[in-house]
4 protein chains.
Amino acid sequence: MTRPFPIALIGQRFMGRAHSNAWSQVTRFFDSELQPVLHTIAARDSEGLAPFARRWGWLNSTTDWKRLAREDAVELVDIGTPNDVHREQALVMLAAGKHVACEKPLAGTLDDARAMADAAKKAAKKGVKTFVWFNYRRCPAVALAYKLVREGRLGRILHVRARYLQDWGGPQTPLSWRFQKKVAGSGAHGDLNAHIVDMARFLVGEEVSEVHGAIERTFVKERPLPGKKGETGKSDVDDVVLFLASFAGGATASFEATRLAIGHQNDNGIELNGEKGSLRFSFEDMNVLELCEGGDARTGGWKRIMCTSAGNHPYAANWWPDAHVIGYEHGFTNMAADILRTLAGLEPEVPLPDFADAYQTQRVLEAALQSARQRRAIKLSQIK
Amino acid sequence: MTRPFPIALIGQRFMGRAHSNAWSQVTRFFDSELQPVLHTIAARDSEGLAPFARRWGWLNSTTDWKRLAREDAVELVDIGTPNDVHREQALVMLAAGKHVACEKPLAGTLDDARAMADAAKKAAKKGVKTFVWFNYRRCPAVALAYKLVREGRLGRILHVRARYLQDWGGPQTPLSWRFQKKVAGSGAHGDLNAHIVDMARFLVGEEVSEVHGAIERTFVKERPLPGKKGETGKSDVDDVVLFLASFAGGATASFEATRLAIGHQNDNGIELNGEKGSLRFSFEDMNVLELCEGGDARTGGWKRIMCTSAGNHPYAANWWPDAHVIGYEHGFTNMAADILRTLAGLEPEVPLPDFADAYQTQRVLEAALQSARQRRAIKLSQIK
Amino acid sequence: MTRPFPIALIGQRFMGRAHSNAWSQVTRFFDSELQPVLHTIAARDSEGLAPFARRWGWLNSTTDWKRLAREDAVELVDIGTPNDVHREQALVMLAAGKHVACEKPLAGTLDDARAMADAAKKAAKKGVKTFVWFNYRRCPAVALAYKLVREGRLGRILHVRARYLQDWGGPQTPLSWRFQKKVAGSGAHGDLNAHIVDMARFLVGEEVSEVHGAIERTFVKERPLPGKKGETGKSDVDDVVLFLASFAGGATASFEATRLAIGHQNDNGIELNGEKGSLRFSFEDMNVLELCEGGDARTGGWKRIMCTSAGNHPYAANWWPDAHVIGYEHGFTNMAADILRTLAGLEPEVPLPDFADAYQTQRVLEAALQSARQRRAIKLSQIK
Amino acid sequence: MTRPFPIALIGQRFMGRAHSNAWSQVTRFFDSELQPVLHTIAARDSEGLAPFARRWGWLNSTTDWKRLAREDAVELVDIGTPNDVHREQALVMLAAGKHVACEKPLAGTLDDARAMADAAKKAAKKGVKTFVWFNYRRCPAVALAYKLVREGRLGRILHVRARYLQDWGGPQTPLSWRFQKKVAGSGAHGDLNAHIVDMARFLVGEEVSEVHGAIERTFVKERPLPGKKGETGKSDVDDVVLFLASFAGGATASFEATRLAIGHQNDNGIELNGEKGSLRFSFEDMNVLELCEGGDARTGGWKRIMCTSAGNHPYAANWWPDAHVIGYEHGFTNMAADILRTLAGLEPEVPLPDFADAYQTQRVLEAALQSARQRRAIKLSQIK
């Protein structure tokens, strides 16, 4: 009763591996009408391409990503490339009628993001679907948080505290494209704030209405040039961006992304305080959701929920017994499962972000930058 | 070799108890040339005054605080009253040549704070000293943090994340003066942000140079009137104020104070990230300082330091053996000890805030309010 | 309405300070019909006696503890001396009709303990009461645990895991009487296991019926002689004793006391697992009780209860607002309050251990030693 | 340069899935001279066999496991079946010259284990190798612990505290073969204590020399019969076994396995205290190792090491960037990589247990049972 579902992937670096793994693993752990066939991998680096394809089981490989648009068999193209090429690749594939799953952030600029959202809207009329790999939504603990908020367990949301703290961006880290604005667009902002803005919008279920103030700062301005002893080059992206915002329903929110917080390696964290309770999550302890419900002054308190119970927690039934914890890559596999469900006409476990959704996240990022640069509050209605 | 040192106290509520306890306990645990004598307690509520004096050992009591200025024997007046009377009481006592220890925040308005700082400056010429009860500086863990920063263990400070989260301000909490602007001046802002602005300035050792944006919000606008079933009154102070700031040396900083964060009862917390390491503290786990130093990728990580080792940690030698933990009230006793040391011509364990210092904290609070109301960044140089 | 209640204390070291503080502070924080009067302090070290008495407010002092028995005014004698003199001191005071509050463990040997329990039984006929300072029962978190077990929140208790881990007993620690068997009786066993056996019996509410096996070990056999450079002396007490036991109702139990566990300074901890739920406590985080109740596979988990809520948690109303945490010494003050309540004919917050109760703890310690030495299981019925 | 390496697997339940996943994933993340070929899956349940084979990519399937011995191409047979058939299956395969990787515990009885160790010894002469799936050794945090102990970071080991606590064995859990002694051999003991005895021996690097006492207890004696409403059947395995032991070098040790500890789902935990430092691990937080080193009274304390740094932590370079955490299944994949390395003549990251090693673990389990039943200490020299 399964149907082969040929996919192609562009990119063979970090995200290339994570996506290849997800497509390989998904039907081992999830029942699916659609059976992914790893049809073609496309990437620029011709030397590494053959071994990568062999290792991950891709049937074909190419250095010309445009070929994928002409490959009739391919039904979905997965884009795992740097931000500055997302727009061109996505537009070509959508025009060719392929479903597209694109890495986050949707694009390096708001213009690109808007163009992609427009193209997705047009393609949707022909039944073409888009997806953006905001993988953290699909950690079981985050998916549970989403459900608890929907069920009203927290009541009206009053405060959101979101942070994504890393520590790898110190002055000894060599220059790479990630530190060059013309290639990367931004530093911590697009890389990290994109994730937590998506997560906050997803959990609260409302749009951001205003950015009240922001700081964008580059602490490290010169970095060693790799392979050139003693020489340095210019590092011109932000190391940290933090901003304050309001949600449409009135909740206050703070966001901080940095690559200079020693002690935090991948601390993608959020806390919500509602009228009836609070919850919090940090990716460094990804199998756990913490919940504190009001109203029990005697035996109330923060509760550590191990989100690994089959039948009780999202995705858990597909993996291992209680507290046989899962890891980073499983978020991608869970998302691949939900993409397949959606394309088979079923509901995903929790909502999947598409280009229109990711464009809203991009608008918030843009508002934060404008607020930092103009030293004033910016209403989202000012950002098109 | 000890000399009696008569003090007076104004106020017999929460702070009246905490201060009475500190003055009673200090010489049981600390050696001191000056031996506090609990000379007179002054308070408005005449009915409770006698039992309070008896319980805490005050020799005299009065409902007329001005009498203290005329009491020659009294050398120090401790002010533990609401913010709106700090100015008048302090000015009278300073004029009378009394040392003054005033509860925080220094005042309810910037005008009052400035007047107090000016009066303190004048009195200082006659050897009169002022102190402000920012008690949290004297938690051993915070004092250790201060010393580690001074020693350069964190290197240059890049980020400060400060919060003071409480949960008692929900809509079921009855109206009291704390929720009325004309009496309290502000809500969470003066009550809680005052503490964390002081702590951040103290630990970083620099002044705030700019507030980049702020949110001031009142979520609960009506509260039950105590004793009047079914009736409500207007609650018009802020429930939450959050703001972003820069320190003079370039560090970014975020501050949040709220009374609506379920799960946080007295979560006065701060984290510093420096070029060489990070540290963090939360009052709910007050005996612990967490430290993470960079440079050891193999066995590095956040370290829980139990700050209770006699001979190794500030104040610890005066209390109990290792890990026989101390509590909230000990911060006040430690501060009383440092006040006595200072008045005896010795160095306190860590610096004590005086009126001039507390006035700087007040300027930051004012800048945050102006930023929230004007929806733009405010440089501290604009705040007089 | 209060009545002066003169007490005497023997001992001026660590416990002398802790008890003096408790008797000084108790009526500042608790309402009491009986108002302790610090009548006389007795101790051997004549030099330190006067300053100690002055510092703590003792009206009289003596180096002859027997005088206390003849002092008619004194109603209660508090014994804070080494274990080997408890018996003689207690027997004299009981014979003189004084109430006696004795430091734990009740005695250094089972014989002594039995004699003391017998004397207490006799004295009780004349209305004389005894108390043993198992102070940890009166941490609010432990008292809450007691109540939750009584209310059936855990159901039938199945497992008890108790430990008291410290780290100060390494080979560099100089020889003192605590390491000499003829003076101290035992090492970690009497010092630390006494506490956790009391706590386990208190919380479970049953007696131990059998010790299944035990290890008694002395790792450090020579220690530096203080003041004699390069010389060492024999250290012959246990550094660690661990044993397995059953409670009368069938629960299994493990106990471990050691002075050689780096990382644990005062880790007096216990966990109970019942048919319906579990709870755990560690003194190093003394304001917190952790509770996990079964039956909610979706949002269940360990809950951190901050036991500081006035009106909801034992003793909390007497101290500070929510989460304004308390420390080590407060356990003693809470116990002083409960002793005064008991002597005024009221119920203590949770049961107070008397000599008969502490003798049961001593029997368990004895059974553990016999089990270790005889390399076999020992039923408590074999221990008289 | 890679060589195909055909393997067969017996078993398609929980362990069948975990092993199939490991063999599928290993060469995607690890470089290996040997490329596993999933040749044949054998299992009794013929109905599920074909879908299982398809899902995991096994080329052949059979309900007759003995056929594997006759399949010349197969070089290694992986045994993932219940304990009572390990012996027969292993002996047949070893006799046929196949390498054997067997699930833990090695066997259901000491006799079986001894026979298997003897057969392995004989087979070794022909170059045949054996492995036992003690997967937790290969959590990066546990492997790091192993290395730190070897490097002397803890000094001489004094105490070991090992526990494996689960919560799924309450009276509402239906009867299955796991609760029937004639099939399962034991309950928590063989299932859980086997893991922690292996881990303790592995980390300490010494053998257990004596069991000092033990408790074996069955709390739940009747369980619902699945599918037969209202009927119950006899549950006769242990729910909990705890025992005390010594290591050859003198360290004390406690072990506890239970299925009745609410709040602990898969809490496989261990702590070592050495003369110079301590470390601890719990599988529920599997990416973290906690380390506390002595000698720094001022800034020492327990350190949370996130064991995910490529180049610094075992196995980490094969997975994802820093703090992109891994999960349960990765322990098996890491072990598959080490098996392949060993068979290719290379060193594994940390030592692999073979049948001789697992037989030592089995002797300790046997000594614990004899100690519980005979109510006395048992020296390991008494266990053959």
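Please find, among residues of chain A, the one with the beta carbon closest to the rotation axis relating it to chain B, distance in whole Å.
Per the A/B rotation axis, the closest residue of A reads A:213, 0.
Note the count of lysine pairs whose C-alpha atoms are less than 13 angstrom apart in the range A:136-374, limited to pairs 8 or more residues apart or on different chains.
On the way: A:181/A:221; A:181/A:234; A:182/A:234; A:221/A:234.
So the count works out to 4.
How many angstrom lie between the Cα centre of the range B:343-364 and the Cα centre of the range C:78-104?
49 Å
How large is ³J(HN,Hα) for each residue in the range D:253-266, as worked out from phi by the Karplus curve 6.51 cos²θ - 1.76 cosθ + 1.60 (θ = phi - 60°), to whole Hz, x for Gly and Pro?
8, 10, 10, 9, 10, 8, 10, 10, 10, 4, x, 10, 8, 8
What FRET efficiency comes out for the pair residue A:182/residue B:375, r = Cβ-Cβ distance, R0 = 30 Å, nearest 0.05?
Working: r = 32 Å, r/R0 = 1.08.
After rounding to 0.05, the efficiency reads 0.40.
When the chain is fully extended, how far beyond the present Cα-Cα distance does residue C:173 get from residue C:207, taking 0.36 nm per residue of separation? Let's see the in-between values first.
On the way: separation 34, 0.36 × 34 = 12.24 nm, distance 3.61 nm.
Full-extension gain reported as 8.6 nm.
Could you give the dipole magnitude of the range C:3-135 about its Cα centre, charging the beta-carbon of Lys and Arg +1 and that of Asp and Glu -1, in debye to the nearest 20?
Values: 19 positive and 15 negative charges, 38 e Å.
Using Cβ point charges on Lys, Arg, Asp and Glu, the range C:3-135 gives about 180 debye.
Give me the log10 of I(q) over I(0) for the range C:3-135 at q = 0.11, 0.14 Å⁻¹, as the Debye formula computes it from C-alpha points; what are the numbers?
-0.35, -0.58
According to a simple spin-label model (label point 7 Å from Cα along Cα-to-Cβ), what is the distance in nm between residue C:298 and residue B:310?
About 5.5 nm, to one decimal.
Evaluate the charge dipole of the protein assembly as shown about its Cα centre and quote only its size in Debye, nearest 20, assuming +1 on the Cβ of each Lys and Arg and -1 on the Cβ of each Asp and Glu.
Working: 200 positive and 180 negative charges, 1 e Å.
Computed charge dipole of the protein assembly as shown: roughly 0 debye.
Taking just the alpha carbons, could you work out the radius of gyration and Dmax for the protein assembly as shown, both in angstroms?
Rg and Dmax of the protein assembly as shown, Cα atoms, are 34.4, 108 Å.
At residue A:150, with labels set 7 Å past Cα in the Cβ direction, how many nm apart are the copies from this one, shortest first?
4.5, 4.9, 5.5
What FRET efficiency comes out for residue B:88 versus residue A:153 if R0 is 41 angstrom and r is the Cβ-Cβ distance? Round to the nearest 0.05. Let's see the in-between values first.
Details: r = 49 Å, r/R0 = 1.19.
Calculated value: 0.25.
Using DSSP to call loops (not H, G, I, E or B), can you name the trypsin sites (Lys or Arg not before Pro) in the range D:218-258 whose Cβ has at most 15 other Cβ atoms within 10 angstrom? It would help to have the intermediate numbers written out before the result.
Details: sites: D:221, D:228, D:229, D:234; in loops: D:221, D:228, D:229.
Answer by residue number: D:221, D:228, D:229.
If the convex hull of the alpha-carbon atoms of the range B:332-384 is projected onto planes in all directions, what is the mean projected area in square nanometres?
Details: hull surface 19.7 nm².
Average of the hull's projected areas for the range B:332-384 equals 4.9 nm².
Which residue, A:309, A:168, A:189, has the largest displacement toward the positive end of the dipole of the range A:136-374 when charges sit on each Cβ (Lys, Arg +1; Asp, Glu -1)?
Checking the options against the dipole of the range A:136-374, the answer is A:168.
Measuring from a point 7 Å out along Cα→Cβ, what nm distances, shortest first, does residue A:177 have to its partners in the other copies?
5.4, 6.5, 7.6
How far, in nm to one decimal, is residue B:370 from itself in the other copies if the label point is set 7 angstrom along Cα toward Cβ? Shortest first, please.
Nearest to farthest, the other copies are at 2.6, 8.1, 8.4 nm.
Specify which residue in the list C:328, C:240, C:269 is farthest towards the positive end of the charge dipole of the range C:138-374, using unit charges on the beta carbon of Lys, Arg (+1) and Asp, Glu (-1), about the Cα centre.
So the residue furthest toward the plus end is C:240.
Long-range amide H contacts for residue D:39: which residues qualify at under 5 Å (H placed 1.01 Å from N, peptide plane, sequence gap of 5 or more or a different chain)?
D:7, D:59
Once you keep just the Cα pairs under 8 angstrom separated by 6 or more residues, what percentage relative contact order results for the range D:96-165?
On the way: 36 pairs, mean separation 23.2, N = 70.
Relative contact order comes out at 33 percent.
Place +1 on the Cβ of every Lys and Arg and -1 on the Cβ of every Asp and Glu in chain B, take the dipole about the Cα centre, and give the residue among B:16, B:51, B:381 whose Cα lies farthest towards its positive end.
The Cα lying farthest towards the positive end belongs to B:381.
About the Cα centre of chain C, how large is the charge dipole given +1 on each Lys and Arg Cβ and -1 on each Asp and Glu Cβ? Please answer in debye to the nearest 20. Could you put the intermediate results ahead of the total?
Numbers: 50 positive and 45 negative charges, 131 e Å.
I would put it at about 640 debye.
Could you let me know the centre-to-centre spacing of the range A:113-189 and the range A:25-64, using Cα atoms, in angstrom?
Rounded to whole Å, the Cα centres lie 25 Å apart.
So what is the 222 nm mean residue ellipticity for the protein assembly as shown from helices alone, if each DSSP H run of at least 4 adds -39500 (n - 2.57) and you divide by all residues, rounding to the nearest 500 deg cm²/dmol? Each step should come with its number before you reach the end.
On the way: 40 runs with 472 residues, N = 1536.
Estimated from H runs of four or more residues: -9500 deg cm²/dmol.
Per-residue Cβ counts within 10 Å, from other chains only, averaged over C:242-249: what number is that?
On the way: counts 8, 4, 11, 2, 2, 0, 0, 0.
So the per-residue partner count for this stretch is 3.
Give the relative contact order (percent, whole number) for chain D; include only Cα pairs under 8 Å separated by 6+ residues.
Numbers: 839 pairs, mean separation 74.3, N = 384.
Value for chain D: 19 percent.
Read-outs: derived from the displayed coordinates by stated rules, not from any lab. It should be emphasised that the depicted structure is a prediction, and the values quoted were computed from it without experimental measurement. Please note: Cβ atoms are built from the backbone with ideal geometry, for glycine as well, and neighbour counts cover all protein chains shown.
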